[in-house]
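Peer 1: Below is one structure. I have some questions about it.
The values are calculated or read from the model by the stated rules, or taken from the named source; none is laboratory data. Everything numeric in this text was worked out from a predicted model, so none of it was measured. Cβ sites come from the backbone with ideal geometry, for glycine too, and all protein chains shown count toward neighbours.
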Amino acid sequence: MVVEIINATYLENYKIEFEFSDGEKRTIDFINFLKSSKNPMTKKYLDGEEFKKFKIEFGDIVWNDYEMCFPIWDLHEGNI
């Protein structure tokens, strides 16, 4: 079964609630990932306004033309 993100809702701070095509819902807090990142392209998303600019494209969450993205299955399982 191919799982896609069908909806992503910004909640607060660096938390996003995901709804997947299999009916699963999961809230992910990205703050630890962003704080521990060494990549300057990723670090810029510690700016809350930049973080909020995500889109769902082809069932995947992306920031700025795939500058930052995550494997769907990892998000489904709550692992980032």
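Peer 1: Only one of (1) without any contact (Cβ under 8 Å) to a residue 12 or more places away in the chain; (2) of a type in the set (S, T, Y); (3) surrounded by 14 or more Cβ atoms within 10 Å (Cβ to Cβ) fails for S36. Which number is that?
Peer 2: (3)
Peer 1: Mind telling me which of the residues W73, W63 ends up being under 19 Å from M1 (Cβ atoms) and either over 12 Å from the mean Cα position of the chain (by Cα) or touching a residue at least 12 places away in the same chain (Cβ under 8 Å) (or both)?
Peer 2: Checking each option against the conditions leaves just W73.
Peer 1: Within the range 26-35, is even one residue more than 10 Å from the chain's Cα centre (by Cα) and either at pLDDT below 95 or under 11 Å from I6 (Cα atoms) (or both)?
Peer 2: no
Peer 1: Could you list, in sequence order, all residues of the range 16-48 that are of a type in the set (G, A, S) and in a helix (DSSP H, G or I)?
Peer 2: Across the range 16-48, the qualifying residues are S36, G48.
Peer 1: May I ask you to list the residues in the range 23-53 that are in contact with a helix residue (DSSP H, G or I) (Cβ under 8 Å, 6 or more places away or on another chain) and within 10 Å of H76 (Cα to Cα)?
Peer 2: Matches in the range 23-53: E24, R26, I28.
Peer 1: Consider the range 7-20. How many of its residues are surrounded by 15 or more Cβ atoms within 10 Å (Cβ to Cβ) and among the hydroxyl-bearing types (S, T, Y)?
Peer 2: Residues flagged as surrounded by 15 or more Cβ atoms within 10 Å (Cβ to Cβ) and among the hydroxyl-bearing types (S, T, Y) within the range 7-20 amount to 1.
Peer 1: Still on this model: Is the range 8-15 home to any residue that is under 11 Å from the mean Cα position of the chain (by Cα), of a type in the set (D, E, K, R), modelled with pLDDT of 95 or more and in a strand (DSSP E or B)?
Peer 2: Yes.
Peer 1: Continuing with this model, one more query. Report the residue count in the range 49-80 for those that are outside any loop (DSSP other than H, G, I, E, B) and either exposed (fewer than 12 other Cβ atoms within 10 Å of the Cβ) or acidic (D, E) (or both).
Peer 2: Qualifying residue count, the range 49-80: 8.
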